[in-house]
Amino acid sequence: MRQVIDIKELQKIQYNILVEFDRFCKEHNLKYFLAYGTLLGAVRHKGFIPWDNDVDVCMLRDEYEKLIKLYKDNRYRLMSVERCKRNEYTYAHAKMVDSETVLNEKFQPDKELGVYIDVFPLDYLCNGEKDYDLILKRYNRINYLETAVGIKGKVLKILGRKQLARIYKFIHKNNKNKSKYVGNCCATNASGDIYNLDWFDKTKKMHFEGDVFLVPVEYKRVLERRYGNYMELPPIEERKPQHDFDAYIK
């Protein structure tokens, strides 16, 4: 295997995964949005933030579940707790992975993936921040069991699956009700990741690395909610990758 050292090469691999994700969503009329640093990069840089080493997209929960059900793996594999073996995948959200690469994350050295993009569901929050805090707390409990306590194997699978079952029951109950808010409850480092549902009513096309992808129609409000003055560059000392991993091409 050959290690991927240049961030431009890594971003090219991630871009190709994003192209595949976009192709499938268009083919099946699924609505998605560029998210987080990828959305910020599209708006501020017309592509990757130069020092960013990941790609994020999000979908409303019902669209997300259609993706999970419909996608057929090829070179690019869609991994989620619903699609993978119980001991293979424990992240609360999906990842689309390039199977011709290998990626080892430093904080979970025993897990081997490929280079990926993150696919986050936006869950309906009938009670706003109260629902968000409840779901996030349960997701964090799974993360704590695996990383902080170090519970592995069968015990983790049993405890983690029970927590996920409780989360999904609550999520689907909310989805049947009208809501004014949505949130990404899967990102365990998120804080107040809640948005108005109507900000995601429609999509807008935006250029990213010379191609066109979808963003929320109210992308400015989304970015302001997340980053404040999003057009202002961070200090030079903060312009560095946020994720710590080693990537390889097979």
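Quick note: the coordinates plus some simple rules give every number you see, no bench work behind them. All values derive from a computational prediction rather than experimental measurement. All Cβ positions, even for glycine, are placed from backbone atoms using ideal geometry, and neighbour counts span all protein chains on display.
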- Item | Cross-link pairs beyond the 18 Å C-alpha cut-off, checked among LYS8/LYS106; LYS69/LYS95; LYS26/LYS72 | LYS8/LYS106
- Task: Evaluate the relative contact order of the range 15-93 (contact order divided by residue number), counting alpha-carbon pairs under 8 angstrom at least 6 apart; express in whole percent.
- Result: 26 percent
- What length, rounded to one decimal in nm, is gained on full extension from MET231 through to GLU105, with 0.36 nm per residue of separation minus their alpha-carbon distance? 42.4 nm
- Task: Neighbouring Cβ atoms within 10 Å as the yardstick, rank THR203, THR101 fewest first.
- Result: THR203, THR101
- Could you tell me whether the range 194-250 comes out rounded, prolate or oblate from its Cα gyration tensor? Rule is a ≥ b ≥ c as square roots of the eigenvalues, rounded for a/c under 1.5, then prolate if a/b exceeds b/c, otherwise oblate. oblate
- Between GLN3 and GLN242, what FRET efficiency comes out of the Förster formula 1/(1 + (r/R0)^6) with R0 = 22 Å and r the beta carbon distance, rounded to 0.05? 0.65
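Just to verify a number: FRET efficiency for ASP211 and LYS180, C-beta to C-beta distance, R0 = 45 Å, to 0.05?
0.85
Based only on other Cβ atoms within 10 Å, what is the fewest-to-most ordering of ARG44, ARG2?
The order, fewest Cβ neighbours first, is ARG2, ARG44.
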- Summed over the other residues with a beta carbon less than 10 angstrom from that of ASP244, with K and R at +1 and D and E at -1, the charge totals -1
- Task: Based on other C-beta atoms within 10 Å, arrange MET59, MET79, MET231 from fewest to most.
- Result: MET231, MET79, MET59
- Message: Please report, in whole Å³, the volume per residue of the convex hull around the C-alpha atoms of the range 1-65.
- Response: 101 Å³
